[in-house]
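Visitor: I'd like to ask some things about the structure below.
Coordinate-derived values only; no laboratory data. Note that this is a predicted model, so its numbers are computed, not measured. We place every Cβ from the backbone using ideal geometry, glycine too, and count neighbours over all the protein chains shown.
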Amino acid sequence: MITINEKILLQQKRLGLKSRELCQKLGLKETNYSAYLKGKRPLPYEDLEKVCVYLGLTLEYDGKEDNNV
């Protein structure tokens, strides 16, 4: 099963969006975001929500491995 951070990273790559760019647009600290993507620290829910909305992902879980975070 794919993790939330893996889905975010995949979607970022699909959109050709660099982490620095995303962090600047959303007002996130790049070091914290990078640590989250590597699984080294949790991303606060509010920031996770911002990232998912920006990338066109949802926070809903239906037990499937497609489309949802």
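Visitor: Obtain the nm distance between the two label points defined at Thr31 and Glu49 by a simple spin-label model: each point lies 7 Å from its Cα along the Cα-to-C-beta direction.
Guide: If labels sit at Thr31 and Glu49, their model points lie 2.7 nm apart.
Visitor: Roughly speaking, what is the stretch gain from Leu17 to Thr3, that is 0.36 nm per residue apart minus the C-alpha to C-alpha distance, in nm to one decimal? The partial results should precede the final answer.
Guide: Working: separation 14, 0.36 × 14 = 5.04 nm, distance 1.91 nm.
Result: 3.1 nm gained on full extension.
Visitor: What's the angle, to the nearest 10 degrees (0 to 90), between helix 4-15's Cα axis and the longest principal axis of the chain?
Guide: Its long axis makes an angle of about 70 degrees.
Visitor: Run the dipole for the chain about the Cα centre, Lys and Arg Cβ at +1, Asp and Glu Cβ at -1, nothing else charged, and hand back the magnitude in debye, nearest 20.
Guide: Details: 12 positive and 10 negative charges, 88 e Å.
It comes to approximately 420 debye.
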